[in-house]
1. Could you say which residue among 88, 132, 128, 109 is over 20 Å from residue 54 (Cα atoms) and among the aliphatic types (A, V, I, L, M)?
2. List pairs: first in the range 113-131 and assigned to a helix (DSSP H, G or I), second more than 7 Å from the ligand (Cβ to nearest atom), Cβ under 6 Å, 6+ apart or cross-chain?
3. Across the range 88-97, what is the total count of residues that are in contact (Cβ under 8 Å) with a residue 12 or more places away in the chain and either under 12 Å from residue 131 (Cβ atoms) or within 22 Å of the chain's Cα centre (by Cα) (or both)?
4. Of the residues 54, 70, 42, 96, only one is modelled with pLDDT of 95 or more, more than 8 Å from the ligand (Cβ to nearest atom) and not aromatic (Phe, Trp, Tyr); which?
5. For the range 65-82, how many residues meet the condition of being in a loop (DSSP other than H, G, I, E, B) and surrounded by 12 or more Cβ atoms within 10 Å (Cβ to Cβ)?
6. Please state which of the following conditions residue 85 fails to meet, knowing it meets all the rest: (1) more than 10 Å from the ligand (Cβ to nearest atom); (2) more than 19 Å from the chain's Cα centre (by Cα); (3) assigned to a loop (DSSP other than H, G, I, E, B).
Amino acid sequence: MTNAQKWVAAFLFLFVALFALSKVTKNGGDEYNDLEYIMNNSSNEEIDAPTLISNLGCAKCHGENLDGTSKGPNLRGVGENWTRNDLINYFRNPSSYGKGTRFDEYRKIYPIEMRSFNSVELKSLGKIADYILKLK
Ligand code: HEC
């Protein structure tokens with residue numbers, strides 16, 4: 001082998017090695033994203049109602065124990081006024097489902113109406129509804 005041939009061989013080797021390395025690091029990256037995706041989705045599956053309630057900020061208005069603050073009413077015992085379906089619909093659209101004298105009173109007391117949670121997955125709203133229906 002001449003010197004020139006050695007240099008060409010060395011560059012070829014380097015090129016192949018770098019190419020292989022870039023493949024490996026890229027695959028590593030994809031695996032990480034897939035893992036993250038799976039982790040996010042499986043944690044959504046397992047998330048319980050109290051965590052959802054705290055993550056969605058319900059406690060800011062209804063209190064840590066859901067027994068009310070100056071921004072929102074006590075939720076303990078309100079379950080007896082609701083069917084599961086209506087409660088889920090209320091979360092999605094409070095102004096059309098929050099009706100009756102209880103709500104007329106609420107609107108006098110609380111400066112800001114409850115906001116709609118229609119972007120939250122139905123399954124999560126169902127979990128929250130089940131929890132509030134049983135809350136004593
Ligand atoms: C910005 C404050 C605020 C936030 C955040 C909030 N609420 Fe409310 N909520 C209210 C107010 C005020 C009312 C009174 C009625 C109305 O405004 O619609 C209410 C009413 C309710 C009622 C009906 C009470 C009854 O007497 O039947 C339920 C149930 C409820 N909220 C649950 C929740 C849940 C669950 C969350 C979180 C996903 C939440 N709220 C987030 C302020 C809030």
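The values are calculated or read from the model by the stated rules, or taken from the named source; none is laboratory data. Remember, it's a predicted structure, so these values are computed and weren't measured experimentally. A quick note on method: Cβ atoms are made from the backbone with ideal geometry, for glycine too, and the neighbour counts reach across all protein chains shown.
1. On the way: 88 fails: over 20 Å from residue 54 (Cα atoms); 132 fails: over 20 Å from residue 54 (Cα atoms); 128 fails: over 20 Å from residue 54 (Cα atoms).
Just one listed residue meets the conditions, 109.
2. As it stands, the answer is 124/52; 125/88; 127/49; 128/49; 128/52; 129/84; 129/88; 131/49, since those pairs meet every condition given.
3. Going residue by residue through the range 88-97, those that are in contact (Cβ under 8 Å) with a residue 12 or more places away in the chain are 88, 91-95.
If we keep only those that are either under 12 Å from residue 131 (Cβ atoms) or within 22 Å of the chain's Cα centre (by Cα) (or both) too, we end up with 88, 91-94.
So the answer is 5.
4. Values: 54 fails: modelled with pLDDT of 95 or more; 42 fails: modelled with pLDDT of 95 or more; 96 fails: modelled with pLDDT of 95 or more.
None of the other options fit; the residue is 70.
5. Initially, the range 65-82 is screened for residues in a loop (DSSP other than H, G, I, E, B), giving 65-68, 70-71, 73-77, 82.
Retained after the next criterion (residues that are surrounded by 12 or more Cβ atoms within 10 Å (Cβ to Cβ)): 66-68, 71, 73-76, 82.
Within the range 65-82, residues that are in a loop (DSSP other than H, G, I, E, B) and surrounded by 12 or more Cβ atoms within 10 Å (Cβ to Cβ) number 9.
6. (3)
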